[in-house]
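The values are calculated or read from the model by the stated rules, or taken from the named source; none is laboratory data. Note that the coordinates shown come from a computational prediction; the quantities given were computed from them, not determined experimentally. Cβ placement follows ideal geometry from the backbone for every residue including glycine, while neighbour counts extend to all protein chains displayed. We work out accessible area using only protein heavy atoms, side chains counted, and drop any ligands, DNA or RNA first. Shrake-Rupley method; radii C 1.70, N 1.55, O 1.52, S 1.80 Å.
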Amino acid sequence: MHDTLRRFATGAAHLALGAGLLWMGQGLAQAQSNSAAAPASATVIATPAAARKTIDAAGLYREHCASCHGAQRTGGMGPALLPESLERLRRPEALRVIQQGRTATQMAGFAGTLPPADIAALAEWIYQPVSPAPGWSDADVRASRVETAGAKDLPARPAWQADPMNLFVVVEGGDHHVSLVDGDRFEVIHRFASRYALHGGPKFTPDGRYVFFGSRDGWITKFDLWNLTVVAEVRAGLNMRNVAVSGDGRWVMAANYLPRTVVLFDADLQLVKRYDATTLDGKEASRVSAVYDAAPRKSFVVALKDIPEVWEISYDPKAAPIYDGLVHDYKMGEAIAKPGYQGVRRTPLDEPLDDFFFDQSYRHVLGSTRPKTGAADGAPTAQVVNLDVRRKIAELPIAGMPHLGSGITFAWNGTTVLASPNLKGGAIDVIDMKTWKTVKTIPTPGPGFFMRSHEATRYAWADSMMSPTAKDTLTLIDKATLEPVATLREPGRTLAHTEFTKDGRYALVSLWEMDGAIIVFDAQTLKEVKRLPMSKPVGKYNVWNKITRSEGTSH
């Protein structure tokens, strides 16, 4: 394990760590592929059900796949092959990869060694639940942890010449690498192999020195940006949604689909505590949608996908005690209190939250919910939760599938507004955060995933990457007039995920293709300044904007 980590840190572990059977991609890639036609290269083999019954798919897996993907399909050299990991991957693509393999990995195709019926049976079998269901205990978490010897003693200064606060961390999904880009000269400082299928965005410590990455396979990697090396790794679960880092840099929390847990670590990735994602009585369990840090509150906020609750877990040693259930007068010490420090404070809801967003005060969580069965078109699919009074206080008048996790806020006409992209409709909804009413719905060429801005720019940049016809278009919206004022296009390609430099002078946009690039635009003139070739750059994250919680980027 230590040798593997050392190879990862030096950038030579792309075979061991990036090898994989399937391209699961980021959430944005999966959502797009769901709406797209099957790839032309995908070969779909129709095998009669009677013939499939005679094939021992489990035996084929043990013989050909288990050495890389684990006996229980929980992953190893290759990624996990569990239904939770594959739920958004189209089966024809899985079939194609088993047939043809993946370039630049140890995954070889089986088209020349296995008959088509066997390949079809394997492709079907990996989508079935593992029985018995795989577990991941505290002992498993602790046993998975590894650290790089001597990393803690490295110099507390960058080993490279650039502004560490204007550094960009670019996740390249095409070949599972991360590039570090100087935000002044727009040059790559360093490039290294990452874990397979990073998800949820990297998170930084307050000084900008360390970054934490989370992978769908449950791995958390702590990387020293100043010394360009991995510090430690741990596997928090088998299928993970994202990680969060506390505002003081002392704590890291992971949100898991499998097992259904939230896991707390210290900054060295030592396990501190596991929280089972269940109802108070323990009778119902839930996947965990997401966890985010609410720094002004000194707490983590957790959304559950299957249970209508929001959790707040405080890392403030002075946190007030927690009273679950009915209390006549908590000031009198009635009922039995639980410690507020690292305890779960529950807020009951009517509907579970899929993702969420904070207002600038962090008193309110704005969460999107799944459309209700039988609900009329145009029915709200978002809600506002006040974390102080611990209840829903409003429904947001946003229809479709708002992607609030990529929303932004900005000042407008004496108030603060939220602008949110929509995964289903070609529109940006602008909401007054005092009244929770719609200010305006701004049309765009098609549904988008990301929206970004900066305090020093007049424009909000929105993509339409979920649209089959407008994925090549960025729409720029004037934040004063709330009107679209310009478009940028890359005909026939996909433009996505804008991020700004520290001072807001330049906007970096992803050309989201295997032979893609980071395109640098002057944020005032909208002229292209430079292109940096990249392999499907999923997202880019400016250290300063993230650690200062810029209103124009996600938190």
Strands (runs of 3 or more DSSP E) wholly inside the stretch 467-547 containing at least 1 residues that are without any contact (Cβ under 8 Å) to a residue 24 or more places away in the chain and among the charged types (D, E, K, R)
473-478, 483-489, 516-522, 528-534
Can residue 94 be described as open to solvent by 30 Å² or more (accessible area, probe 1.4 Å) and either within 26 Å of the chain's Cα centre (by Cα) or over 20 Å from residue 197 (Cβ atoms) (or both)?
no
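Could you tell me which residue of the stretch 246-260 is farthest from the chain's Cα centre (by Cα), considering only residues that are closer than 25 Å to residue 548 by Cβ and open to solvent by less than 10 Å² (accessible area, probe 1.4 Å)?
Filtering the stretch 246-260 for residues closer than 25 Å to residue 548 by Cβ gives 246-255.
Add one more test, that the residue is open to solvent by less than 10 Å² (accessible area, probe 1.4 Å), and what stays is 246, 252-255.
Numbers: 246: 17, 252: 15, 253: 13, 254: 11, 255: 10 Å.
Here the answer is 246.
Restricting the search to the stretch 495-514, which residues are of a type outside the set (Phe, Trp, Tyr), open to solvent by 20 Å² or more (accessible area, probe 1.4 Å), within 12 Å of residue 168 (Cβ to Cβ) and out of contact with any helix residue (DSSP H, G or I) (no Cβ under 9 Å at 6 or more places or on another chain)?
In the first step, residues of the stretch 495-514 are kept if they are of a type outside the set (Phe, Trp, Tyr); the result is 495-499, 501-505, 507-511, 513-514.
Adding the requirement that they be open to solvent by 20 Å² or more (accessible area, probe 1.4 Å) leaves 502-503, 505, 513-514.
So of that shortlist, the ones also within 12 Å of residue 168 (Cβ to Cβ) come out as 502.
Answer for the stretch 495-514, where residues must be of a type outside the set (Phe, Trp, Tyr), open to solvent by 20 Å² or more (accessible area, probe 1.4 Å), within 12 Å of residue 168 (Cβ to Cβ) and out of contact with any helix residue (DSSP H, G or I) (no Cβ under 9 Å at 6 or more places or on another chain): there is none.
Give the number of residues within the stretch 127-140 that are part of a loop (DSSP other than H, G, I, E, B) and at pLDDT 90 or above.
The initial filter retains those residues of the stretch 127-140 that are part of a loop (DSSP other than H, G, I, E, B), namely 127-137.
Narrowing the set further to residues that are at pLDDT 90 or above leaves 136-137.
The total comes to 2.
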Among the residues that make up the stretch 125-137, is at least one of them touching a residue at least 60 places away in the same chain (Cβ under 8 Å), open to solvent by less than 40 Å² (accessible area, probe 1.4 Å) and out of contact with any strand residue (DSSP E or B) (no Cβ under 7 Å at 6 or more places or on another chain)?
yes
Within the stretch 224-239, is even one residue free of Cβ contacts under 8 Å to residues at least 60 places away in the same chain and part of a strand (DSSP E or B)?
no
Might you check whether a residue that is open to solvent by 60 Å² or more (accessible area, probe 1.4 Å), outside any loop (DSSP other than H, G, I, E, B) and under 15 Å from residue 367 (Cα atoms) occurs anywhere in the stretch 412-419?
no
Inspect the stretch 439-448 for any residue being surrounded by 16 or more Cβ atoms within 10 Å (Cβ to Cβ) and within 17 Å of residue 554 (Cβ to Cβ) and give the result as yes or no.
yes
Quick check on my filter: what residues within the stretch 180-200 are within 21 Å of residue 242 (Cα to Cα) and open to solvent by less than 20 Å² (accessible area, probe 1.4 Å)?
180, 192, 193, 194, 196, 197, 198
Those residues of the stretch 218-237 which are out of contact with any Lys or Arg (no Cβ under 7 Å at 6 or more places or on another chain) and open to solvent by 10 Å² or more (accessible area, probe 1.4 Å) amount to 222, 227, 228, 229, 235
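Kindly check whether there is at least one residue in the stretch 203-216 that is assigned to a loop (DSSP other than H, G, I, E, B) and in contact with a His (Cβ under 9 Å, 6 or more places away or on another chain). Can you show your working first?
Filtering the stretch 203-216 down to residues assigned to a loop (DSSP other than H, G, I, E, B) leaves 205-209, 216.
Restricting the remaining residues to those that are in contact with a His (Cβ under 9 Å, 6 or more places away or on another chain) gives 216.
Yes: the stretch 203-216 contains one or more residues that are assigned to a loop (DSSP other than H, G, I, E, B) and in contact with a His (Cβ under 9 Å, 6 or more places away or on another chain).
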Candidates 274, 241, 287 - the one that is farther than 26 Å from residue 359 by Cα and among the basic types (Lys, Arg)
274
Give the residue that is nearest to residue 419 (Cα to Cα), with candidates limited to residues of the stretch 515-555 that are buried (at least 21 other Cβ atoms within 10 Å of the Cβ) and small (Gly, Ala, Ser).
552
